[in-house]
């Protein structure tokens, strides 16, 4: 069935995307707060459960049954488990690292997507983009500084997250050829809720009233943030929006300073700038290639 073309509004799309990644920053602050007292698996459970409730509230009008229907259930399950691994890794990293450090290292994910698009999607990547990928990884090394006595073992966790997110995005692109976005979201949330609900009884600690509020807020802000991103990509082109994903580092830096009194050091700032610059250059090259075809 053909879908009526949506009215495009680049300014609205940019606003929605920047607001969405800001919500992610608040969600990550909630995670860091909860992780001080509760097992990270319980925090991940709360993120999935209350995220799913937001999803149901937003998309219930379009019919839950219709969103369940898919011709590629195993692909969706693989996507969901891959994302879950990335989520657990990133949330664990937030226990030990500042928000800006963890987010900056995780920004290597778009570089990995570009590299993995060759074997899995059959896309071509030229020498300039390969050079940008290499420089981006150097930026990560500047942040974690292995061998200098300052690296925390948890710095590897956002790298695991980045690899997981890259795999998730590659599988999402494959699913997007035949599946509706809402179907992909439904399966991601549902599989996460089922798996984490089976695990959480083994680590459960009864939350107090404040913790329940933060847990609900965690799922709600992540869920609403994802919804804003979906809406952003519906009203504006990916090429227009992609650079603004990096505004998340601004939000998490502000939140980290205000809430946790943590300010990134000069090496983290430099490394983040290198990683972001590499990502922006890859976006620029991909935009030029799309315009040339």
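Values in this text are rule-based calculations from the coordinates and carry no lab data. What you see is a predicted model; the values in this text were computed from it and never measured. A quick note on method: Cβ atoms are made from the backbone with ideal geometry, for glycine too, and the neighbour counts reach across all protein chains shown.
Structure data summary
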read-out	value
Label zone at residue 141, where the point sits 7 Å out along the Cα-to-Cβ direction: region 159-201 residues whose backbone N lies under 18 Å	159-160
Burial order of peptide ranges 247-255, 92-100 (average beta-carbon count within 10 Å, highest first)	92-100, 247-255
For 30, 198, order by how many other beta-carbon atoms lie within 10 Å, fewest first	198, 30
FRET efficiency, 1/(1 + (r/R0)^6) with R0 35 Å, evaluated for residue 118 and residue 156 via beta carbons	0.90
Nitroxide proxy distance, nm - points 7 Å out along Cα→Cβ at residue 174 and residue 287	3.0 nm
P(r) histogram, all alpha-carbon pairs of region 93-137 included - 5 Å bins from 0, percent	5, 20, 24, 17, 14, 10, 8, 2
Which of 210, 161 has the fewest Cβ neighbours within 10 Å, and the rest in rising order	210, 161
Linear extension gain, residue 36 paired with residue 81, 0.36 nm per residue minus alpha-carbon span	13.7 nm
Fully extended contour minus Cα-Cα distance, from residue 71 to residue 254, at 0.36 nm per residue	61.6 nm
Most mobile listed residue (79, 231, 47) in the chain, GNM with C-alpha springs under 10 Å	231
Relative contact order %, region 10-292, counting alpha carbon pairs below 8 Å whose residues are six or more apart	45 percent
Ranked 153, 212, 187, criterion: other C-beta atoms within 10 Å, fewest first	153, 212, 187
Residue with peak Gaussian network fluctuation, the chain [Cα springs, cutoff 10 Å], from 34, 75, 229	75
Extension reserve of the residue 280-residue 128 stretch, reckoned as 0.36 nm per residue once the Cα distance is removed	53.5 nm
Label corresponding to P(r) over Cα pairs in 10 Å bins from 0, in percent when calculated from the structure given, among [x] 6, 26, 37, 24, 6, 0; [y] 6, 26, 32, 24, 10, 1, 0; [z] 7, 30, 38, 22, 3, 0	[x]
